[in-house]
Amino acid sequence: MENIDINNNGTIESIKNKKEYKRNSIKIYLSGASNNKKAEDEINNAEKEIRRIINILQDSVQCEVINPLKSNINKSTKWKDTIKNNIKLLVDADILVDMDNDNSKSSMLEKIIATSLDIKIIPFNMIGKTLYELSE
């Protein structure tokens, strides 16, 4: 979904074809540390919050939240296998939500890939505003 333009503050400046966003599901990938219980809780709580926002907006915006911690393909304990699986999930996303809870090698790789594939990176604290603007 290349038609979304988000400025550095995470707000949408223009949408060339807004109707497409209302018809298609926006895939939101959650990126952040997952190497300890607190970090995992942050990602899981972020998923709950995004789903709450989607529920409030109801049918005005369709979203799929991709939480790599809950993926069936993310069962390996080896870092190399886990990041490969996470990348498979990421490449289909439209938005990467940056939890900003670490600067790990995994998070940096996800951000580099997202940038290279024109997947928009939004800080977690801006996702509500972004989804609201998409729903208008």
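Numbers at a glance
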quantity	calculated
Condition met for ILE95 (farther than 16 Å from GLU47 by Cβ and buried (at least 19 other Cβ atoms within 10 Å of the Cβ))	no
Criterion violated by GLN58 - all others in (1) without any contact (Cβ under 8 Å) to a residue 12 or more places away in the chain; (2) on the phi < 0 side of the Ramachandran plot satisfied	(2)
Pairs, first within 16 Å of ASP92 (Cβ to Cβ) and open to solvent by less than 20 Å² (accessible area, probe 1.4 Å) in the range 108-135, second of a type in the set (Asp, Glu) and at pLDDT 90 or above, C-beta under 7 Å, six or more apart	ILE119/ASP94
Test: residue in the range 13-21 that is in a helix (DSSP H, G or I), modelled with pLDDT under 90, polar (S, T, N, Q) and surrounded by 12 or more Cβ atoms within 10 Å (Cβ to Cβ)	no
The range 95-136, residues that are in contact with a strand residue (DSSP E or B) (Cβ under 9 Å, 6 or more places away or on another chain) and among the polar types (S, T, N, Q)	SER106, SER107, THR115, THR130
Index of the failed condition, GLY32 passing every other in (1) modelled with pLDDT of 85 or more; (2) surrounded by 18 or more Cβ atoms within 10 Å (Cβ to Cβ)	(1)
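The values are calculated or read from the model by the stated rules, or taken from the named source; none is laboratory data. None of the values given here were measured: they were computed from a predicted structure. Cβ coordinates were reconstructed from backbone atoms using ideal geometry, including for glycine residues, and neighbour counts include every protein chain displayed. Remember, those area values only see protein heavy atoms, side chains included, never the ligands or the DNA or RNA. Shrake-Rupley method; radii C 1.70, N 1.55, O 1.52, S 1.80 Å.
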